[in-house]
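Participant: Provided herewith is a single structure, encoded as structure tokens, for subsequent inquiry.
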Amino acid sequence: MSLERKDDYDHNAWLQEKDLSPVETTFLTALIWMDKRLRIVDYLEILESLYYRVNLQMPKSHTEQYNLDNKFWYWYPLYTLGLFSTLSYIVAAVSGALLGFYYSPATTGDPTTAYTQIEFIMTELQFGFFLRSLHRWSAQVMVAAVFLHMLRVYFTGSYKEPRELNWILGIILISLTMGFGYTGYLLPWDQLAFWAGQIGVEMALSVPLIGEWAAQLVFGGFTLSQATLQRMYILHVFLLPFIVTTLIAIHIGIVWVQGIAEPH
Ligand code: HEM
């Protein structure tokens, strides 16, 4: 594949020679404008050839190996659970970002505390109750979907070579999904949150050797305080989204490269 620069090529003349509709002309003009600056076409070609080269190295799927016509398992409902996890994650992320416009992680202060903001969202904000419910439900659906997806992968034996890395990545993802659940549960700073936080601190403290250090790090001390809520908040809205989004992209990228494992 040639990667020579084609700066001297007269794209405008080429465009005028063609008898194109206004939509086609606009699209191609935009594409050429982008391509001159970012060489997107060249890089897309590199990605495409990389994809085919990597794919050739991968073991053939069951259907390819035995040349089976019947691909019914592509439609098998349990194979959609990974996608379902992704979709519920996206719904939770979007509704969570919107909730973030109104929420503030404050334990004290009049009138703005986390709890009063939740009250405001639920009782005064237009469609606030809907937004919060959407966020809570999508989060719970995600936990269930991820767990069922893991069972599907286990019972179809899809974790076996060469997919071990994706299984391990999955273990990390399910743990982080639960981390999302726990940190989010504390954010309303109501009685449920407070006592769940208390249990968390005590669990951290009960870890041998590093217990006190872990409680300091995660909860900002040995008792619940503003530092605790602040940490839960930043974990929930910044660190976890960043890490989980990246890991889901890698996870799905690996499935894309390896192809889906079919039941044997
Ligand atoms: C945030 C959580 C997760 C998301 C968004 C996710 C997403 C996906 C998607 C979209 C697929 C494509 C196949 C399918 O949909 O069934 C997939 C496959 C896979 N996932 Fe996950 N997953 C998650 C968690 C997990 C967990 C907890 C495990 C196991 C511990 C796991 C292990 C795997 C493996 C091994 C594959 C390849 C399966 C095959 O090729 O048939 N994933 N994942």
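Participant: It is to be established whether one or more residues within region 161-177 are of a type in the set (Ser, Thr, Tyr) and closer than 23 Å to ALA215 by Cβ. Spell out how you get there, then give the answer.
Facilitator: Applying the first criterion (of a type in the set (Ser, Thr, Tyr)) to region 161-177 yields 175, 177.
Filter once more, keeping what is closer than 23 Å to ALA215 by Cβ: 175, 177.
Within region 161-177 (the criterion being of a type in the set (Ser, Thr, Tyr) and closer than 23 Å to ALA215 by Cβ), the answer is yes, since at least one residue qualifies.
Participant: In region 170-185, which residues are within 7 Å of the ligand (Cβ to nearest atom) and either in contact (Cβ under 8 Å) with a residue 40 or more places away in the chain or of a type in the set (Asp, Glu) (or both)?
Facilitator: Within region 170-185, GLY170, LEU173, THR177 meet the criteria.
Participant: Among the numbered conditions (1) in contact with a Ser or Thr (Cβ under 7 Å, 6 or more places away or on another chain); (2) more than 23 Å from GLY96 (Cα to Cα), tell me where PHE155 comes up short.
Facilitator: Single failed check for PHE155: (1).
Participant: Right, next: I need the full set of residues from region 225-262 which are more than 16 Å from the ligand (Cβ to nearest atom) and either over 27 Å from LEU98 (Cβ atoms) or not assigned by TED's automatic domain parsing to the domain that holds LEU176 (or both), in order please.
Facilitator: SER225
Participant: Only helices (runs of 4 or more DSSP H) wholly contained in region 159-227 count here; list those with 2 or more residues that are out of contact with any His (no Cβ under 6 Å at 6 or more places or on another chain) and of a type in the set (Lys, Arg).
Facilitator: Correct list: empty, since no element meets the threshold.
Participant: Here is a further query. Which one of these is within 24 Å of the chain's Cα centre (by Cα) and exposed (fewer than 13 other Cβ atoms within 10 Å of the Cβ): ILE172, ILE210, ILE168, ILE199?
Facilitator: Unique residue meeting the criteria: ILE168.
Participant: Answer with yes or no whether ALA139 is at pLDDT 95 or above, more than 12 Å from the ligand (Cβ to nearest atom), in a helix (DSSP H, G or I) and buried (at least 16 other Cβ atoms within 10 Å of the Cβ).
Facilitator: No: the conditions fail for ALA139.
Participant: Shifting gears a bit: Checking SER104 against (1) surrounded by 15 or more Cβ atoms within 10 Å (Cβ to Cβ); (2) touching a helix residue (DSSP H, G or I) at 6+ places or on another chain (Cβ under 7 Å), which test does it fail?
Facilitator: (1)
Participant: Would you say VAL153 is more than 8 Å from the ligand (Cβ to nearest atom), among the aliphatic types (A, V, I, L, M) and either within 21 Å of THR80 (Cα to Cα) or outside any helix (DSSP H, G or I) (or both)? Let's see the steps before the verdict.
Facilitator: On the way: more than 8 Å from the ligand (Cβ to nearest atom): no; among the aliphatic types (A, V, I, L, M): yes; either within 21 Å of THR80 (Cα to Cα) or outside any helix (DSSP H, G or I) (or both): yes.
No, not satisfied.
Participant: Right, here's the next one. Suppose we filter region 90-115 for residues that are at pLDDT below 95 and assigned to a helix (DSSP H, G or I); how many remain?
Facilitator: Result for region 90-115: 0.
The values are calculated or read from the model by the stated rules, or taken from the named source; none is laboratory data. Predicted model only: the values in this text are computed from it and were never measured. Backbone-built Cβ (ideal geometry, glycine too); neighbour counts: all protein chains shown.
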